[in-house]
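The values are calculated or read from the model by the stated rules, or taken from the named source; none is laboratory data. Everything quoted here is computed from the prediction, not taken from an experiment. Backbone-built Cβ (ideal geometry, glycine too); neighbour counts: all protein chains shown.
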């Protein structure tokens, strides 16, 4: 029983981080119809900034406050998004999709090396924050408390995002723009502003994902590219542009991955990619997408 | 499309001097430069195949690494399990394996277009990547598989010491011959009724279907031809590299193939070829001069998309036309 619970918690942990990345990716696609190949690198950027900021203040701040410092990663990723959208993406909305994919691929390459340039080739870690929380006893097993905190943060973020999109004025404007950009524009919505806000929000979430995994996994080069593909799988399963879909997809991928690691480690990744391919074939719009 | 591009006389005027220059290279350039060019020609074959889908059929694949990798791994597995090291067997194996995989992937992929096509090809190519990565007892995992120097047309296998001389001379000509055949064949394909049908599908799928083009079947054939070209390139690449690793199956390698093609210009026939050769030099020199080579390539790509979307060849031919028109008002 305990092992089942532990596996379930691991799946949830994985799903929480994936949702933060995939939710942002999906939000950006839903509003702007852009598949951001550099999204994983914004997640990695959040992780690096968080690790760097915590490292700077490790000696001067009490541990409890250091957890708040992690948020700098999310803020930095959001700020980067706010700069990138108007400068690089905005000139491309009227052009073919191929170019939008390519420019985000170029951005992926640039960000990957920019992180190498800024923080060097070695991983950054802040495991002090991970260890400071200690661990819990679940039956006869022990489980790191920090992992539970990540699950809680992921759940809170999902709830906050839902409230934001469905219960605020801004959310109405966002959904209107997503459904029909021209009509929203004709009704007086400043589409450019909505786009930059949506992109910033998406990047903020990715950065938050990076910031909360840093104490557990550290920040390493290449983490963005790996995360991007899994976020893709999530988004494809759930439906491009659907937040509920991203949540369901993240849970499904989290569970399958946990099962995979336990029972079929060789083909764990292959199964995930195949799941995405099968969903695309059976329901191209995803489980929760609008056709 | 440029209406002048299709005339055979114009083709000969461009292609023959280039071919002559390519034939002379091994005699005048340093072996290293020839080998570098050889890589470029191999990538050009891949890009040529890729562009049958992007430029002529209007489908952006983000999974062509699958075919390149299948071609390369087919060769490596032939060496490992059949103990054969004849280049002809490698080429045949690469073509067969990539045709098989492209045929299977094609059945599911051609039903979709636009972003769904891109993601589907990406997901399927990642399946192969993860299998190559995890099944280490077959594929060597991240260490990859070694491929020894092959024998060409039944000739004796050269010794270890003169491998570079072999690659820069006999192997170069071998690749060049295949390259010429590939270019000629692709030229025939895109100017045939089949090629025109693909362009009709690209420009307007509904109308193409209305005039009797079997859209899915045509797309499938284009997909397989495209995959085989890229797979053949993979098979030719392995002996050059001496090693195949899962990197060439990863989706970022697909991104590179897209990069070649857009760098040269995907709306022209020769664009992908030029793009692949230029990209190869660009990457080799960037890697040689800085650890931040991805940054260099990324900046080139971003500038390219923003400033020169029709690529090197597209821009050059547009400038050429513009100049020709300019004197006669």
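Quick notes on this one:
- Looking across the stretch A:33-63, the residues that are part of a helix (DSSP H, G or I), in contact with a helix residue (DSSP H, G or I) (Cβ under 9 Å, 6 or more places away or on another chain) and over 29 Å from residue B:118 (Cα atoms) come down to A:48, A:49, A:50, A:51, A:52, A:53, A:54, A:56, A:57, A:63.
- First in the stretch A:28-43 and over 17 Å from residue A:102 (Cβ atoms), second anywhere and not in a helix (DSSP H, G or I), Cβ under 6 Å, 6 or more apart: A:30/A:241
- For the stretch B:105-125, the candidate set comprises residues that are more than 9 Å from every other protein chain (Cβ to nearest Cβ) and within 13 Å of residue B:53 (Cβ to Cβ); within that set, the residue that is surrounded by the fewest Cβ atoms within 10 Å (Cβ to Cβ) is B:113.
- Qualifying residues in the stretch B:50-59 (those that are within 12 Å of chain A (Cβ to nearest Cβ) and under 11 Å from residue B:110 (Cα atoms)) - the one modelled with the highest pLDDT: B:53
- Among the residues examined, residue B:137 does not qualify as assigned to a helix (DSSP H, G or I), within 20 Å of residue B:238 (Cα to Cα), within 14 Å of chain A (Cβ to nearest Cβ) and within 20 Å of the chain's Cα centre (by Cα).
- Residue selected from the stretch A:61-91 under the condition within 12 Å of another protein chain (Cβ to nearest Cβ) and touching a residue at least 24 places away in the same chain (Cβ under 8 Å), by the criterion surrounded by the fewest Cβ atoms within 10 Å (Cβ to Cβ): A:90
- Residue in the stretch A:136-144 that is buried (at least 20 other Cβ atoms within 10 Å of the Cβ) and either touching a residue at least 60 places away in the same chain (Cβ under 8 Å) or under 21 Å from residue A:225 (Cβ atoms) (or both) present: no
- Residues that are closer than 26 Å to residue A:196 by Cα and either crowded, with 17+ Cβ neighbours inside 10 Å or within 22 Å of the chain's Cα centre (by Cα) (or both) are absent from the stretch A:119-131 altogether.
- Among the residues of this structure, residue A:30 counts as one that is within 14 Å of another protein chain (Cβ to nearest Cβ), modelled with pLDDT under 85, in a helix (DSSP H, G or I) and closer than 24 Å to residue A:234 by Cβ.
- Residue satisfying all of: in the stretch A:226-236; more than 10 Å from chain B (Cβ to nearest Cβ) and over 26 Å from residue B:136 (Cβ atoms); farthest from the chain's Cα centre (by Cα) among these: A:234
- Hey, residue A:213 touching a residue at least 12 places away in the same chain (Cβ under 8 Å) and part of a loop (DSSP other than H, G, I, E, B) or not: no
- Test: residue in the stretch A:189-210 that is surrounded by fewer than 18 Cβ atoms within 10 Å (Cβ to Cβ) and within 14 Å of another protein chain (Cβ to nearest Cβ): no
- Of all residues in the stretch A:257-284 being more than 9 Å from chain B (Cβ to nearest Cβ) and outside any helix (DSSP H, G or I), the one that is farthest from residue A:244 (Cα to Cα): A:264
- The residue of the stretch A:109-118 that is farthest from residue A:212 (Cα to Cα), among those that are more than 7 Å from chain B (Cβ to nearest Cβ) and surrounded by 22 or more Cβ atoms within 10 Å (Cβ to Cβ), is A:111.
- Yes/no for residue A:251 being more than 9 Å from chain B (Cβ to nearest Cβ), closer than 19 Å to residue A:25 by Cβ, modelled with pLDDT of 85 or more and part of a helix (DSSP H, G or I): yes
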